[in-house]
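Participant: Provided herewith is a single structure, encoded as structure tokens, for subsequent inquiry.
The values are calculated or read from the model by the stated rules, or taken from the named source; none is laboratory data. These numbers were taken from a predicted model, which means no experiment stands behind them. Don't worry about glycine lacking a Cβ; one is built from the backbone with ideal geometry, like all the others, and counts go over all protein chains shown.
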């Protein structure tokens with residue numbers, strides 16, 4: 001039981017900066033009782049957005065994301081911190097589909113409140129194509145992250161993503 005409590009506490013500490021960012025990006029919370037979709041529907045849509053990373057996924061992003069969607073990548077795979085729009089996000093996903101096969105997505109935990117859903121996830125894949133200028137290694141890799149989605153009018157309008165770039169790059173052998 002103590003391990004579980006500490007694990008939840010650790011995840012909450014990890015999420016705290018992202019929740020603070022989410023609050024800054026959404027200073028006016030929805031009015032009490034005014035929701036355009038249920039918490040469970042929001043969680044389902046958040047899972048669906050994460051599953052788009054799977055190499056075999058053919059989902060339609062326009063059914064999940066608002067046209068003015070912004071994804072805050074921290075870190076951005078090519079370096080730094082960078083917000084990207086829906087078109088750039090789709091390009092990142094396509095690049096990953098070309099670089100990795102057998103891509104699997106596992107949602108480990110979700111916490112939701114009002115118009116925000118936080119998802120802790122694990123991705124695993126095999127590096128079978130060029131990725132950020134690196135040739136395929138054929139290594140099976142795994143990394144984790146947290147994504148917080150903000151909803152408006154039944155779609156995800158903004159996401160904050162914090163993922164373990166170091167672990168991915170270490171497993172790929174990019175770090176020496």
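Participant: Within region 85-106, count every residue that is under 25 Å from residue 67 (Cβ atoms) and either in contact with a helix residue (DSSP H, G or I) (Cβ under 9 Å, 6 or more places away or on another chain) or assigned to a strand (DSSP E or B) (or both).
Facilitator: 6
Participant: Output yes when any residue across region 65-79 is within 27 Å of residue 140 (Cα to Cα), in contact with a strand residue (DSSP E or B) (Cβ under 8 Å, 6 or more places away or on another chain), surrounded by 14 or more Cβ atoms within 10 Å (Cβ to Cβ) and modelled with pLDDT of 95 or more, and no when none is.
Facilitator: no
Participant: Filter region 120-143 for residues that are closer than 19 Å to residue 45 by Cα and surrounded by fewer than 21 Cβ atoms within 10 Å (Cβ to Cβ); which is nearest to the chain's Cα centre (by Cα)?
Facilitator: Here the residue is 120.
Participant: Test residue 106 against the criterion of being in contact with a strand residue (DSSP E or B) (Cβ under 6 Å, 6 or more places away or on another chain), surrounded by fewer than 16 Cβ atoms within 10 Å (Cβ to Cβ) and farther than 28 Å from residue 176 by Cβ, and give yes or no.
Facilitator: Considered against the rule, which asks whether it is in contact with a strand residue (DSSP E or B) (Cβ under 6 Å, 6 or more places away or on another chain), surrounded by fewer than 16 Cβ atoms within 10 Å (Cβ to Cβ) and farther than 28 Å from residue 176 by Cβ, residue 106 comes out as yes.
Participant: Another one. When you check residue 113 against the structure, is it within 18 Å of residue 146 (Cβ to Cβ) and either at pLDDT below 90 or surrounded by fewer than 17 Cβ atoms within 10 Å (Cβ to Cβ) (or both), yes or no?
Facilitator: yes
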